[in-house]
Amino acid sequence: MTLAAGIGYVLLALGPSLALFVTLISTKPFLILVLLSSTLLWLISLIVLSGFWKAFLPIKTSAWWPYVILILTSVVFQEGLRLVLWRGYKKMEDMLDAFADRVAKPRLYLTDKMQIALAGGLGHGVAHAVFFCLSLLTPSFGPATFYVDKCSYAPFFLISAIISLAFVTIHTFSMVIAFNGYAQGNKTDQLIVPAIHIIAGTLTLVNLASSGCIVGIPLLYIVALSTLAYCGKMVWRRLTETQIRLTPQNQ
């Protein structure tokens, strides 16, 4: 392939993330800090997971169950880390609110909290894209490309970028859902995020079947779009409830 193709793969995987960063994250230095910290944290978690599983790889069997175990353990580890991240964020929120009270400034608004969760989720998505996609794209800048027998309809690098875009979407908006669930004590939001994570991860196993990418990728995007829609509905509901609650106070 060419330099243009390599850049195209990068923009396909991270283009929407870049747009989100430019339009929202970059306008607030604190959100930039949250994004960078989250990206670093999730990259470290992926490196730790890869170090653990390196002892068992390559998997010398055609069975699917070792990959299922790999995905399940990875999801459990990352969801546990998400809970740790939430607790750290909650302590930070309490400190910011206490400081705001001391200087007679307003506390964090609901939109501020959601933007922080969005920045944290974007960090998770970017870390995933860097680890599973960008780290593989160096050969794509050369004069040739690469296909795999299981999915010979498109270059491997293109498939990787497409899958990464789906996971960036899932991780970004899952964080908003999860943080809302933790804050509100909403069990549905708390449980739906790991369920989405497991489903999305398991769907990647479809690519191990011959021509499986033709089925697996559309299903993965259904999960990504469903996550986005659920998050949008949840955010609209929270903002509406907050507006209704504040209206009598302003009258």
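All of (1) in a helix (DSSP H, G or I); (2) open to solvent by 70 Å² or more (accessible area, probe 1.4 Å) hold for Val75 with one exception: (2). Checking each residue in segment 1-43 for being in a helix (DSSP H, G or I), farther than 24 Å from Thr111 by Cα and more than 15 Å from the chain's Cα centre (by Cα) picks out Leu3, Ala4, Ala5, Gly6, Ile7, Gly8, Tyr9, Val10, Leu11, Leu12. Just to be sure before I move on: is Leu83 closer than 23 Å to Ile44 by Cα and either over 27 Å from the mean Cα position of the chain (by Cα) or among the aliphatic types (A, V, I, L, M) (or both) in the structure I sent? Here the answer is yes, as Leu83 does meet what is asked. Yes or no: Ser38 open to solvent by less than 80 Å² (accessible area, probe 1.4 Å) and either of a type outside the set (A, V, I, L, M) or in contact with a Gly (Cβ under 7 Å, 6 or more places away or on another chain) (or both)? So Ser38 passes the test.
Suppose we filter Ala195, Ala178, Ala154, Ala161 for residues that are open to solvent by less than 30 Å² (accessible area, probe 1.4 Å) and at pLDDT 95 or above; which single one remains? The unique qualifying residue is Ala178. Scanning segment 165-184 for residues that are more than 21 Å from Val10 (Cα to Cα) and either free of Cβ contacts under 8 Å to residues at least 60 places away in the same chain or out of contact with any helix residue (DSSP H, G or I) (no Cβ under 8 Å at 6 or more places or on another chain) (or both) yields Ser174, Ile177, Gly181, Gln184.
Out of all the residues in segment 185-213, which are free of Cβ contacts under 8 Å to residues at least 40 places away in the same chain and in a helix (DSSP H, G or I)? Scanning segment 185-213 gives Lys187, Thr188, Gln190, Leu191, Ile192, Ala195, Ile196, Ile199, Ala200, Leu203, Val206.
Answer with yes or no whether Tyr89 is more than 16 Å from His171 (Cα to Cα) and surrounded by 15 or more Cβ atoms within 10 Å (Cβ to Cβ). Spell out how you get there, then give the answer.
Working: more than 16 Å from His171 (Cα to Cα): yes; surrounded by 15 or more Cβ atoms within 10 Å (Cβ to Cβ): yes.
Yes, satisfied.
The values are calculated or read from the model by the stated rules, or taken from the named source; none is laboratory data. All of these numbers come straight from a predicted model, not from anything done at the bench. For neighbour counting, all protein chains shown are included, and Cβ atoms are generated from backbone atoms with ideal geometry for every residue, glycine included. Accessible surface areas use protein heavy atoms only, side chains included; no ligands, DNA or RNA. Shrake-Rupley method; radii C 1.70, N 1.55, O 1.52, S 1.80 Å.
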